[in-house]
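The values are calculated or read from the model by the stated rules, or taken from the named source; none is laboratory data. Quick caveat: nothing in here was measured; it's all calculated off a predicted structure. Cβ placement follows ideal geometry from the backbone for every residue including glycine, while neighbour counts extend to all protein chains displayed.
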Amino acid sequence: MIQDADRSQPNQDDAWFAMRLSLAFGVLMLAGKTTAYFMTGSSAILADAAESVVHVVAVAFAAYSLRLSAKPAAPDFLYGYEKISFFSAGFEGGMIVLAAVAIIVTAIRDWIEGLHLENLGSGTLLILGAGVLNAGLGWYLIRTGRRARSLILEANGKHVLTDSFTSFGVIVGLLLVLATRWQPFDPLVGIAVALNILWSGGHLIWRSVQGLLDYSDPKVGHEMREKLDAICKELGVNYHGVRFRTTGQ
């Protein structure tokens, strides 16, 4: 048990550092995208900035969840607080879904009211920089989350990657506008990107529901029974009625 605790401490430290890094980058990305929107008036960039607002709020909640999940069990919570991981993943997924809906509504509204775009070259460069940084950060967060066995951090990493995909989709739309001078490419690409992140958010919500309802993963169950069979054969004993659940870590 002491050895397990010694191994888990570096993972917790890595997780905390990664979460603080994610929050700092989230604020930085929001500032950059907001600047790009005021420069261009692009509805796609506005949608990207709106997704970043959602990201900052979600990361703040995830940071709180990560701290709470590390607390030991208490008399009122005999099994600890680790299941907050599933609440965090569900909250983040719900925020992603709301962002996707907001993107679609904004793109359609701006298209109907009339598109007025300017300074697209500079705005595209700003969004490109944000997208590249977020892609690297998302990969790092997912990798760290899996190493630390933290659903909270892994979900946050997937949200950051979603943010980068949104940015790259926006860039495609802006480049098409620059190349063809046909401005409706801007809202069309924004809608396409929104549909993609809608699926990502829905997947996170589904994982949250599975965890909160103690879903019994057949793959995990098969692996457990294989190991139990080997141990019982070696010891000459039997087992029956095995059940298992995950707490998020």
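Values for this structure:
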read-out	value
Residue satisfying all of: in segment 54-77; in contact (Cβ under 8 Å) with a residue 40 or more places away in the chain and among the hydrophobic types (A, V, I, L, M, F, W, C); farthest from residue 122 (Cα to Cα) among these	70
Count of residues meeting criterion [in contact with a Gly (Cβ under 7 Å, 6 or more places away or on another chain) and of a type in the set (D, E, K, R)] in segment 87-119	1
Contacts under 7 angstrom Cβ, first residue in segment 203-232 being outside the structural domain of residue 89 (by TED's automatic domain parsing), partner loosely packed, with under 14 Cβ neighbours inside 10 Å and modelled with pLDDT of 85 or more, 6 or more apart	228/239; 232/238; 232/239
Those residues of segment 6-43 which are at pLDDT below 80, assigned to a helix (DSSP H, G or I) and either surrounded by fewer than 19 Cβ atoms within 10 Å (Cβ to Cβ) or among the aromatic types (Phe, Trp, Tyr) (or both), in sequence order	6, 7, 8, 9, 10, 11, 12, 13, 14, 16
Flag if residue 160 is closer than 25 Å to residue 127 by Cβ, in contact (Cβ under 8 Å) with a residue 24 or more places away in the chain and more than 11 Å from the chain's Cα centre (by Cα)	no
Test for residue 196: is it under 15 Å from the mean Cα position of the chain (by Cα) and surrounded by 19 or more Cβ atoms within 10 Å (Cβ to Cβ)	no
Which numbered condition residue 133 misses (of (1) of a type in the set (A, V, I, L, M, F, W, C); (2) assigned to a helix (DSSP H, G or I); (3) out of contact with any Phe, Trp or Tyr (no Cβ under 8 Å at 6 or more places or on another chain))	(3)
Given (1) surrounded by fewer than 18 Cβ atoms within 10 Å (Cβ to Cβ); (2) modelled with pLDDT of 80 or more; (3) in the same structural domain as residue 107 (by TED's automatic domain parsing), index of the condition residue 157 fails	(1)
Hey, residue 126 under 20 Å from residue 50 (Cβ atoms) and more than 25 Å from the chain's Cα centre (by Cα) or not	no
Candidates 152, 127 - the one that is outside any loop (DSSP other than H, G, I, E, B) and under 22 Å from residue 170 (Cβ atoms)	127
Checklist (1) closer than 29 Å to residue 68 by Cβ; (2) crowded, with 22+ Cβ neighbours inside 10 Å applied to residue 173, failing item	(1)
